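Nothing in this text is a laboratory measurement; each read-out follows from the coordinates by a stated rule. Everything numeric here is computed off the predicted structure, so don't read it as measured data. All Cβ positions, glycine included, derive from the backbone under ideal geometry; neighbour counts span all protein chains shown.
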Amino acid sequence: MSVTLVLVQILNGLQLGVLLFLIAAGLTLVFGVMDFINLAHGVQYMLGAYLAVAFFGLTGNFLAALMLALLAALAFGLLLEFLVFRHLYDRDHLDQVVATFGIILLLNHGVRLLWGAAPLTLPVPEALTGTVVLMNGLLYPVWRIVIIATGLAVAGGLYVLVTYTRIGMLVRAGATHARVVSALGVNIERLFMIVFGFGTMLAAFAGIMIAPINSVEPGMGDNILILAFVVIVIGGIGSIRGAFIAALLIGLVDTLGRSFSVDILRLMMGPSPARMAGPAIASMLIYVLMAVVLYLRPAGLFPAKGR
């Protein structure tokens, strides 16, 4: 276990963490403000990646594909909110889960019909290919650094937006006292639409940024959605700060656990049992972490005030 390998995996964990934050931020706002369980949030991540691939094929320019994909994902998300989701806000959580799970199945099948089941790829922008020397003996892909940097920049911008703007004030108030906000004359439906649309764009942005690294394929948002729910449970429902810290924590725990669990177990048992037990233990680490956090702080690490 070399120092260089540890540093690389820490960077990989940070990259996973910022991607989880981009998805979980929208999810925690929708859940915290609207009390709406949207299982279909993960397909917005998938849809962003597919739309970027499609628009890159039309324009041949990554930046143009990024902007067009974000606008298209926003439009599609708002259309879903208008046609389906707003009719579920007053229903119980079971109805929301069943309906949004149906949307997952519909959209996963839809992308298979439009783009096929074969994995697609999105090229890395030519100016951002290659690697950069971070220290002696440590090379790291430029695009992964871009993902980390843009994710941190979005997190900072989102913090300013939620903390210091009128929209942010309404979102924070709606996360704890939605009825009071509505009684004060705020158009709660418009607020819900803004929150939902913003969350959709964040998820789509995460899908676009990861598309040059991972394959773009149907169902790619399903596993990431599970991790996003773990993030908001650990961080605290409705809390952007909690989502950010929990996302980085989960990204590091998951990446380092999968990379070094076998090596650590070899210190306590033979090589063969370590190889068998290591992957199984690594896959459970984030859920063990969630159980510990819920035992110590049932509302999460940084729950929204009033919860």
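Apart from one condition, Leu63 fits all of (1) touching a residue at least 24 places away in the same chain (Cβ under 8 Å); (2) surrounded by fewer than 12 Cβ atoms within 10 Å (Cβ to Cβ); (3) closer than 30 Å to Val3 by Cβ; (4) of a type outside the set (S, T, N, Q); the exception is (3). For the stretch 262-307, residues that are closer than 21 Å to Ile224 by Cβ and assigned to a loop (DSSP other than H, G, I, E, B) total 2. Remark: pairs (first residue in the stretch 245-261, over 17 Å from Ile148 (Cβ atoms); second residue among the hydroxyl-bearing types (Ser, Thr, Tyr) and part of a helix (DSSP H, G or I); Cβ separation under 8 Å; 6+ apart in sequence or on different chains) = Arg258/Ser283.
Only a single item in (1) free of Cβ contacts under 8 Å to residues at least 12 places away in the same chain; (2) over 27 Å from Phe244 (Cβ atoms) is not met by Leu88, and it is number (1).
For the stretch 115-141, which residues satisfy the criterion of being in contact with a helix residue (DSSP H, G or I) (Cβ under 8 Å, 6 or more places away or on another chain), closer than 20 Å to Val216 by Cα and not hydroxyl-bearing (Ser, Thr, Tyr)? Once the filter is applied, which keeps residues that are in contact with a helix residue (DSSP H, G or I) (Cβ under 8 Å, 6 or more places away or on another chain), closer than 20 Å to Val216 by Cα and not hydroxyl-bearing (Ser, Thr, Tyr), the stretch 115-141 yields Trp115, Leu120, Leu122, Pro123, Val124, Pro125, Leu128. Report whether or not Leu68 is free of Cβ contacts under 8 Å to residues at least 24 places away in the same chain and buried (at least 18 other Cβ atoms within 10 Å of the Cβ). Taking the combined requirement at face value, the residue satisfies it.
The set of residues in the stretch 204-230 being part of a loop (DSSP other than H, G, I, E, B), among the hydrophobic types (A, V, I, L, M, F, W, C) and surrounded by fewer than 24 Cβ atoms within 10 Å (Cβ to Cβ) consists of Ile213 alone.
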